[in-house]
Every structure is written in structure tokens, then in C-alpha cells.
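Derivation of every value follows stated rules applied to the coordinates shown; laboratory data play no part. Values in this document were obtained by computation on a predicted structure and should not be read as measured data. Cβ sites come from the backbone with ideal geometry, for glycine too, and all protein chains shown count toward neighbours.
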Amino acid sequence: MKNIKSENIIKLMYIVFIIWSVATIVVISKNIESKSAIIIVIGYSVYLFVMVFYLIIKTLMNIRSLKLREIRKRFIKFIVMAVILGGTSCAIDYFFRPEKFDSFRSFSISISLTLGICFFDIAFKKKLN
């Protein structure tokens, strides 16, 4: 019974996230400048931080139940992909925008993207190997 309630609460959180995202997109795209619109956007940003914090905690809890071999495999995949994406991004910036070359920006974006690619599914798995 408790598991069903928690699953329903999580589904409700995702539904609220989707509805609030659409409302915020409408407010921003139509350039609505009222007090309620500002409250919607600020509330959405707070809710977004809560959702991100929840997903990070859930991912860390699920990583604990993974086998060491799986963690090592994901970490090696993370390192390789981060170096490849970062190097590619730096090379593209260097050749196409040499006046705005920023290696920190390139590698920070590649690390963030690689974290999402390598560890995204862990937060949503019910039964881990």
C-alpha cells in the first residue's frame, strides 16, 4: 500500500512539473508582466530546484545498490565521453570561433551532458541489477 502511494505521489510530481512548465513557457513567450505571472515563474524555478534535488538524491540512493562492476563501467564511459565531447567542442570552437574560444565553457557543458547521458536512467529504474 505504501509503495502505491509513493508511486502516485511521484507521478503527481511529474504531472505538476509538466503543467507548470507549460504555464511558464506561455507566460514567458507571451511576455505577460503581472504579479501572478511573476509568482508562477518564481514558483516554477523553486519547484525545478526541488525536482533536481529529488532526482539527485534518488540517483545516489540507486547507485548504492549497483554492483561495483556496473559503477566502474559507467564511470569509464563517463570519462571517455566527457573527454571526447569536450575535445570536439574545443576543436569546433577553436576553428569556427577563435575569437570566443573558451575551454572551460566547452568542458563544463560536455561534463554536464555526459553526466546526464551516463547516469540518467538510474534515477528511474525500479529494480537495479
Using a basic spin-label model with each label point 7 Å from the Cα along Cα→Cβ, how many nm lie between Thr88 and Ala123? 2.3
Here the gain from full extension of Glu33 to Ser108, 0.36 nm per residue of separation minus their alpha-carbon distance, amounts to 23.6 nm
Measuring from its Cα centre, the chain shows a charge dipole (+1 at each Lys and Arg Cβ, -1 at each Asp and Glu Cβ) which, in debye to the nearest 20, is 820
Setting aside same-chain residues fewer than 8 positions from Lys125, which lysines have a Cα under 24 Å from its Cα? Lys2, Lys5, Lys11, Lys58, Lys67, Lys73, Lys77
For the chain, state the semi-axes of the equivalent ellipsoid (square roots of 5 times the eigenvalues of the alpha-carbon gyration tensor), sorted largest first and rounded to whole angstrom. 31, 29, 9
Compute the distance in nm between two label points, each set 7 Å from the Cα along the Cα-to-Cβ direction, one at Leu66 and one at Val52. 2.1
What FRET efficiency comes out for the pair Ile76/Arg97, r = Cβ-Cβ distance, R0 = 25 Å, nearest 0.05? 0.20
Cα centroid separation - the range 48-63 against the range 64-129, whole Å: 18
Determine the shape class of the range 57-126: with a ≥ b ≥ c the square roots of the Cα gyration tensor eigenvalues, call it rounded for a/c under 1.5, and otherwise prolate if a/b is greater than b/c, oblate otherwise. prolate
